[in-house]
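Okay, structure first, notes after.
The values are calculated or read from the model by the stated rules, or taken from the named source; none is laboratory data. Values in this document were obtained by computation on a predicted structure and should not be read as measured data. Cβ sites come from the backbone with ideal geometry, for glycine too, and all protein chains shown count toward neighbours. Note: accessible area is taken over every heavy atom of the protein model, side chains too, but ligands, DNA and RNA are not part of it. Shrake-Rupley method; radii C 1.70, N 1.55, O 1.52, S 1.80 Å.
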Amino acid sequence: MPSRWLISIAGIDPQRVTPEFVHAAMTRWFDGSDHRATDKPYSLYPRTVDAVGPGWAAGGLEVEVGIVSELAEDRLHEHARPGAAIRLGSQHGTVRQVQLLHAESWGALATWSHADRWRLTFHEPTTWSTRNRTTPLPVPDTIVRNLHRAWRLWSPIPIPPRPQMWASDLSVVSDVLSAAERRTRGLPSTLKVVSACKGSIVLRATADSDVAEALLRLAPYTGVGSFTLKGMGVTTVDCMGAPRDMRQMRPLTRPAGA
């Protein structure tokens, strides 16, 4: 089932850790020999631990991991065991704790709350990349298309064709940052400018609100946009407008071709 986990790592100076280091270490956990696969059933969000408490050695790091496949969860349990060693760049740390933050079954995600609009909040810089270009503009069709692809790849529940959606409200600010580009044939990595946004967008569906909600509620586990393996696209979703007298949840049961 889709889930989100918190991995605490001790013995690491977080100021010397880049998202690329976390990406390199944890893709080895999850990808196995399939490192070049385009679609990944997980997302990564590293965050600094400022306070040093019992059990922490010289600070530490926390990494949130979103999971959307059974295989990815199995590999999380295999590698992220308390006491397991992990290398981040030139530093060697130890997994201190693995905590389940929240999880939902695919059936729960496919249950409509009778909402008629959904607020997506981008808590970290969020961007969309095409042909080596990045844009901070959250296009509803692009968001839903990517979530629909993820659902079809990883969920055992068939999903109807994605609905058309439109934005009824937008409150975002532009955020420009740098990201390391992948090394090529041993050459040093270079920095590229990434145009991103933070804030929120409210989406509505022209029809099939139950399908729209199922897809959008997957976003907290997959992340939204590009570079979700490097801490970008962290998203939460609020279901809005469900009538007070319609609290009964209706499962998504239409066939995939409907």
Charge context of residue 198, other residues only, Cβ under 12 angstrom, K/R +1, D/E -1: -2
P(r) histogram, all alpha-carbon pairs of segment 88-188 included - 5 Å bins from 0, percent: 2, 7, 12, 16, 16, 16, 14, 10, 5, 2, 0
Segment residue 85-residue 24, extension gain: residue separation times 0.36 nm, minus the distance between their alpha carbons: 20.5 nm
Order of exposure, largest accessible area first, which applies to 38, 130 with probe 1.4 Å: 38, 130
Interchain or long-range residues, amide H under 5 Å from residue 112's placed H: 250, 252
Sequence-distant residues sharing a close amide H with residue 96 (under 5 Å, placed H): 8, 9, 10, 83
